[in-house]
Amino acid sequence: MNLKLDTKNLSIAKLLAQAIESLTNHGVPTARLDAEVLLAYVLGLSRASVYARLQDVISEADVQRFHQLLHRRQQREPLQYITGVQEFWSLEFHVTPYVLIPRPETELVVETALHLLGEKQKAKMKNPPSDSGLWTLDPRPLTPGSWLLAPKILDVGTGSGCIAIALAKEIPSAEIWATDLSSAALAVAQDNARRHGVTERLHFLHGDLFTPLRDQQFSFDLIVSNPPYIIHDDLVDLQPEVRDWEPQRALDGGPDGLNFYRRLLTESPNYLRTSGWLILEIGHGQATAILQIAQQQSQLTASSCLLDYEGHERVVAAQKQPGKSSQK
């Protein structure tokens with residue numbers, strides 16, 4: 001159902017009410033919030049300021065621009081692609097349809113990395129008690145060394161660069177590499193690195209997973225990744241905002257959703273230093289299978305599975321066993 005919207009002599013209150021009704025009729029689940037955000041974006045105001053000026057009359061030019069953006073949202077284009085921004089780790093990231101939209105639950109990857117690198121004072125997550133259920137197994141103590149002060153980190157499949165950049169902001173001594181198969185995604189990540197002033201410590205490499213590193217003599221203290229993990233046949237059931245707009249290559253994990261975990265767990269020991277960590281975001285219900293894959297790798301100890309704040313399996317961390325060789 002389409003709602004005809006007026007364009008002249010409209011107050012903010014009336015325009016907002018029309019927009020909420022229109023988005024609701026198009027099945028948008030967060031109609032009020034999205035209408036508020038889009039109108040605030042057009043007017044260059046905060047959402048609070050919009051409500052403080054409800055009786056103001058909007059110029060016809062702003063109404064027309066708002067209608068254009070509203071039409072895009074009616075087509076279920078994600079709000080973040082329309083405004084071009086998404087917050088992650090209290091930082092604002094530029095996003096386009098070439099990259100996945102950063103999710104709040106992915107922040108647990110950053111929290112885990114900071115915890116394991118000894119940056120607990122900076123992590124949002126407090127060290128949980130042993131019976132909390134967050135850590136299924138206690139992680140091994142970190143091997144003392146200078147790398148704790150200047151860790152080398154690899155972000156595989158960086159997308160918007162949100163994980164790599166958040167870690168760069170939290171650990172000023174870190175040097176970070178980030179790979180992605182999509183050159184368009186890397187361009188977005190590089191733009192975000194410039195926005196946050198970390199370009200000197202971030203090195204972006206184009207290629208599939210570890211491929212750009214195969215001829216390089218690199219080893220890392222920490223490897224992080226949020227790989228594609230949706231089961232291929234389940235893609236059709238995703239919300240239209242995800243299914244029809246976000247890059248499918250960054251979503252499709254193959255017939256069982258585990259294709260990329262097999263590769264990451266098999267290849268990562270070649271790029272980890274002794275006692276280094278691999279941290280992976282996972283999908284709901286995948287922990288058992290992924291831990292089993294990790295346990296098949298003689299160089300890895302599948303140490304822990306973390307739950308997110310809604311109690312869902314979210315992160316698996318595996319450590320390279322001492323005594324195993326790696327690249328220098």
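The values are calculated or read from the model by the stated rules, or taken from the named source; none is laboratory data. In this text, all values refer to a predicted model and were calculated from it rather than measured experimentally. Every residue, glycine among them, receives a Cβ derived from its backbone with ideal geometry; neighbour counts consider all protein chains shown.
In segment 206-325, which helices (runs of 4 or more DSSP H) lie fully inside it and hold 1 or more residues that are under 21 Å from Cys162 (Cβ atoms) and β-branched (Val, Ile, Thr)?
Details: elements: 240-243, 259-267, 287-295.
So the answer is 240-243.
Say whether the condition of being touching an Asp or Glu at 6+ places or on another chain (Cβ under 7 Å) and more than 30 Å from Pro228 (Cα to Cα) is met by at least one residue in segment 79-94.
No.
With the requirement that a residue be not polar (S, T, N, Q) and not in a loop (DSSP other than H, G, I, E, B), what does segment 192-205 give you?
So the first thing to find is which residues in segment 192-205 are not polar (S, T, N, Q), and the list is 193-198, 200-205.
Within segment 192-205, Ala193, Arg194, Arg195, Glu200, Arg201, Leu202, His203, Phe204, Leu205 meet the criteria.
Would you check which residues across segment 33-56 are within 22 Å of Arg76 (Cβ to Cβ) and either surrounded by fewer than 14 Cβ atoms within 10 Å (Cβ to Cβ) or acidic (Asp, Glu) (or both) and list them?
So in segment 33-56, the residues within 22 Å of Arg76 (Cβ to Cβ) come out as 33-42, 47.
Asp34, Glu36, Arg47 - these are the residues of segment 33-56 that are within 22 Å of Arg76 (Cβ to Cβ) and either surrounded by fewer than 14 Cβ atoms within 10 Å (Cβ to Cβ) or acidic (Asp, Glu) (or both).
Between Val242, Val236, Val224, Val198, which is of a type in the set (A, V, I, L, M, F, W, C) and surrounded by fewer than 16 Cβ atoms within 10 Å (Cβ to Cβ)?
Working: Val242 fails: surrounded by fewer than 16 Cβ atoms within 10 Å (Cβ to Cβ); Val224 fails: surrounded by fewer than 16 Cβ atoms within 10 Å (Cβ to Cβ); Val198 fails: surrounded by fewer than 16 Cβ atoms within 10 Å (Cβ to Cβ).
After applying the criteria, what remains is Val236.
Residues that are in contact (Cβ under 8 Å) with a residue 24 or more places away in the chain, among the hydrophobic types (A, V, I, L, M, F, W, C), buried (at least 21 other Cβ atoms within 10 Å of the Cβ) and over 22 Å from Thr24 (Cα atoms): does segment 73-88 have at least one?
Yes: segment 73-88 contains one or more residues that are in contact (Cβ under 8 Å) with a residue 24 or more places away in the chain, among the hydrophobic types (A, V, I, L, M, F, W, C), buried (at least 21 other Cβ atoms within 10 Å of the Cβ) and over 22 Å from Thr24 (Cα atoms).
Which count do you get for residues in segment 57-72 that are surrounded by fewer than 19 Cβ atoms within 10 Å (Cβ to Cβ) and in contact with a helix residue (DSSP H, G or I) (Cβ under 6 Å, 6 or more places away or on another chain)?
Counting residues in segment 57-72 that are surrounded by fewer than 19 Cβ atoms within 10 Å (Cβ to Cβ) and in contact with a helix residue (DSSP H, G or I) (Cβ under 6 Å, 6 or more places away or on another chain) gives 3.
Can we say Val57 is closer than 28 Å to Ser225 by Cα and either in contact with a strand residue (DSSP E or B) (Cβ under 7 Å, 6 or more places away or on another chain) or not assigned by TED's automatic domain parsing to the domain that holds Asp191 (or both)? If you could, list the steps in order and put the result at the bottom.
Values: closer than 28 Å to Ser225 by Cα: no; either in contact with a strand residue (DSSP E or B) (Cβ under 7 Å, 6 or more places away or on another chain) or not assigned by TED's automatic domain parsing to the domain that holds Asp191 (or both): yes.
In short, no.
Using beta carbons and a limit of 8 Å, which pairs, at least six apart or on different chains, have the first residue in segment 247-268 and under 12 Å from Ala289 (Cβ atoms) and the second one among the acidic types (Asp, Glu)?
Gly257/Asp234
Is it fair to say Val42 is touching an Asp or Glu at 6+ places or on another chain (Cβ under 7 Å) and closer than 30 Å to Gln190 by Cβ? Please lay out each step first, then the result.
Values: touching an Asp or Glu at 6+ places or on another chain (Cβ under 7 Å): yes; closer than 30 Å to Gln190 by Cβ: yes.
Spelling it out, Val42 is indeed touching an Asp or Glu at 6+ places or on another chain (Cβ under 7 Å) and closer than 30 Å to Gln190 by Cβ.
Just checking, which of Ala193, Ala185, Ala168, Ala164 is within 24 Å of Ile290 (Cα to Cα), crowded, with 17+ Cβ neighbours inside 10 Å and at pLDDT 95 or above?
Numbers: Ala193 fails: within 24 Å of Ile290 (Cα to Cα); Ala185 fails: within 24 Å of Ile290 (Cα to Cα); Ala168 fails: within 24 Å of Ile290 (Cα to Cα).
Testing whether each residue is within 24 Å of Ile290 (Cα to Cα), crowded, with 17+ Cβ neighbours inside 10 Å and at pLDDT 95 or above leaves just Ala164.
State yes or no: is Gln80 in contact with a strand residue (DSSP E or B) (Cβ under 6 Å, 6 or more places away or on another chain), under 18 Å from Ala250 (Cβ atoms) and not assigned by TED's automatic domain parsing to the domain that holds Ala187?
On the way: in contact with a strand residue (DSSP E or B) (Cβ under 6 Å, 6 or more places away or on another chain): yes; under 18 Å from Ala250 (Cβ atoms): yes; not assigned by TED's automatic domain parsing to the domain that holds Ala187: yes.
Yes, satisfied.
If you go through segment 8-26, how many residues are in contact (Cβ under 8 Å) with a residue 24 or more places away in the chain and either farther than 18 Å from Glu60 by Cβ or in a helix (DSSP H, G or I) (or both)?
So in segment 8-26, the residues in contact (Cβ under 8 Å) with a residue 24 or more places away in the chain come out as 8-13, 15-16, 19, 22-23, 25-26.
Adding the requirement that they be either farther than 18 Å from Glu60 by Cβ or in a helix (DSSP H, G or I) (or both) leaves 12-13, 15-16, 19, 22-23, 25-26.
Residues flagged as in contact (Cβ under 8 Å) with a residue 24 or more places away in the chain and either farther than 18 Å from Glu60 by Cβ or in a helix (DSSP H, G or I) (or both) within segment 8-26 amount to 9.
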